[in-house]
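The values are calculated or read from the model by the stated rules, or taken from the named source; none is laboratory data. Computed from a prediction, not measured in an experiment: that's the story for all the values here. Every residue, glycine as well, gets a Cβ built from its backbone with ideal geometry; the counts of neighbours run over all protein chains shown. Heavy atoms of the whole protein, side chains included, go into the accessibility calculation; ligands, DNA and RNA do not. Shrake-Rupley method; radii C 1.70, N 1.55, O 1.52, S 1.80 Å.
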Amino acid sequence: NANSFTFMCWFKNDMENNWARIMDFGNGTETNMFLTTSHGSSNIPRFAIRNDGSGEQQLSAANPLELGHWYHIAYTIDELSNTGVLYIDGIPVAENTNMTITPSDLGVTENNYFGKSQYNDPYYGGLIDEVKMWSRALDSAQVSQSMSGMIIQDSNNILAHYNFNEGTGDIAHDLT
């Protein structure tokens, strides 16, 4: 039910991950939102959202990322301004002022994946840590604060926080 939204995490690619997903939430290939660290064979991150087979609304970085390096990535969608922003290491690297599809437009999503795609893409081949999601668009300062481990003063609307520090097993616990 999030109209505005923020997703962020730390990640490290250990291999070229053509179209592999950090996250992909949806109901198949016609209705989803995803974040990949390499659209095509570019090593350039992209966020995209589509609903009922509509055209994708995208945020794509301009420059490729290095393999074997930890990065912080975040994207925001602000429903009030129809603006999406993609951040790498707290710095805005892409902006789209025509983001009219919001996560709530996707309805109830049944296939919500970390490291897996709605499509027949490879599994993510790297590490993911400190996943956080909000039902609001954080601003640049808040993205940087969260990236550096600071608690955002106004933590309202946090939907999920997975730090993957369970130690054993295959279940990640939501810390919210």
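Here are some notes:
- Within-14-Å neighbourhood charge of Ser60 [Cβ basis; K, R +1; D, E -1]: -1
- Cα gyration tensor shape for the range 106-149, rounded if a/c is under 1.5, else prolate or oblate: oblate
- Convex hull volume per residue, computed on the Cα atoms of the range 21-141, equals 108 Å³.
- Net length gained if the chain between Asp129 and Ser41 were fully extended (0.36 nm per residue, minus Cα distance): 29.3 nm
- Two-decimal log10 I(q)/I(0) for the range 111-176, as the Debye equation yields it once each C-alpha is a single scatterer, q = 0.17, 0.24, 0.28, 0.29 Å⁻¹: -0.77, -1.16, -1.28, -1.31
- Order by protection proxy (mean Cβ within 10 Å, highest first), peptides 70-76, 141-147: 70-76, 141-147
- Accessible surface ranking that places the most exposed of Met99, Met150 first, with a 1.4 angstrom probe: Met150, Met99
- At most 10 other Cβ within 10 Å, DSSP loop - GluC sites (Glu not before Pro), the range 13-119: Glu66, Glu110
- With every protein chain in place and a 1.4 angstrom probe, the accessible-area ranking of Thr109, Thr31, Thr97, largest first, reads Thr97, Thr109, Thr31.
- Karplus-derived 3J(HN,Hα) values for the range 25-31, using 6.51 cos²θ - 1.76 cosθ + 1.60 with θ = phi - 60°, are 10, x, 10, x, 7, 8, 9 Hz; glycine and proline are entered as x.
- Relative contact order for the chain, counting Cα pairs under 8 Å that sit 6 or more residues apart, in percent: 28 percent
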